[in-house]
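Each value in this text was obtained by applying a stated rule to the coordinates, not by laboratory testing. Because the structure is predicted, anything quoted here is derived from the model rather than measured. Cβ coordinates were reconstructed from backbone atoms using ideal geometry, including for glycine residues, and neighbour counts include every protein chain displayed.
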Amino acid sequence: MRENERGEKTEYVYNLLKEMIFGWKLEPGQKINISNLTREINVSAIPFREALSRLHSEKLVIFEPNKGYRVSEILTRRQMLELSDARILLELHAVRNIIRMNAIDVIVPLQKLTEAMQRVDTTSSYKEILKFVHFDQLFHQTLMQSGGNSFLNEAYKGMHCHFHIARFYHVRGAVDQSDATNEHLEIIEAIKTRDIYRAEEAVSNHIRFVTKRLLRDEPNHIPGADLRGSL
């Protein structure tokens, strides 16, 4: 197999496994049977293992010596709240810098990504929900990149926030499309008007509201949910 063909195959397997994890076809904590899955999706072990290595770097799967790979658990209530706090710290720093540096070029891509989120038909399939999550992820990554601090941007990417969010959408069975996009529009408007206080409030409210909506049905519908912490 040529190098580019193997790369394409690995990308295909990676996306397929990621969709299975987000859709809970591979459930949290489930052992990944490589021989069974390679037969099921008709691929060789090499691109499959390369895809698993990538998923491991994104903390969607865990490797245990002498045991192999298993799907990572979803975050507990406490961990989701801590993730929300960390996101607020980083994204507030970014939006302050955007306004102070007058980096208004960020407005156009943020608007386009929000419009793309609005157009997704999240009721048609779980693949469309993942498309919505992808645009949402790009919105927040664009915000962080425009904040001008490469170290904070790398720290943000390392948290894999939207992978955790995507797995919770399966539990809820729906996405907060209207609420999330309206909150994005408020962030954009605050940047347009160069109102730092309004931007800080818009960013922090959006992240808190997203977390609250994700945990709305917890703990009844979320396995292993941690009851500690409050919204």
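Values as computed for the structure displayed
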{"quantity": "Loop trypsin sites (Lys or Arg not before Pro), segment 1-84 (other Cβ atoms within 10 Å of the site Cβ: 10 or fewer; DSSP)", "calculated": "ARG2, LYS67"}
{"quantity": "0 to 90° range, to nearest 10: angle between helix 161-172 axis and the chain longest Cα axis", "calculated": "80"}
{"quantity": "Theoretical gain in end-to-end length, ASN182 to ASN36 [0.36 nm per residue, Cα-Cα removed]", "calculated": "48.2 nm"}
{"quantity": "Surface/4 estimate of mean projected area, convex hull on alpha-carbon atoms of segment 77-214, nm²", "calculated": "7.3"}
{"quantity": "D_trans [Stokes-Einstein, Kirkwood Rh over alpha-carbon pairs] for the chain, 4 °C, 1.567 mPa s, µm² s⁻¹", "calculated": "68"}
{"quantity": "Degrees separating the helix 45-57 axis from the principal Cα axis of the chain, which is the longest one", "calculated": "30"}
{"quantity": "Nearest-0.05 FRET efficiency for ARG216 and ILE196, computed from C-beta distance (R0 30 Å)", "calculated": "0.50"}
{"quantity": "Cα coordinate range in segment 3-71, projected on the principal axes (Å, largest first)", "calculated": "32, 27, 23"}
{"quantity": "Gaussian network model of the chain, springs between alpha carbon atoms under 10 Å - residue of TYR197, TYR69, TYR126 with greatest fluctuation", "calculated": "TYR197"}
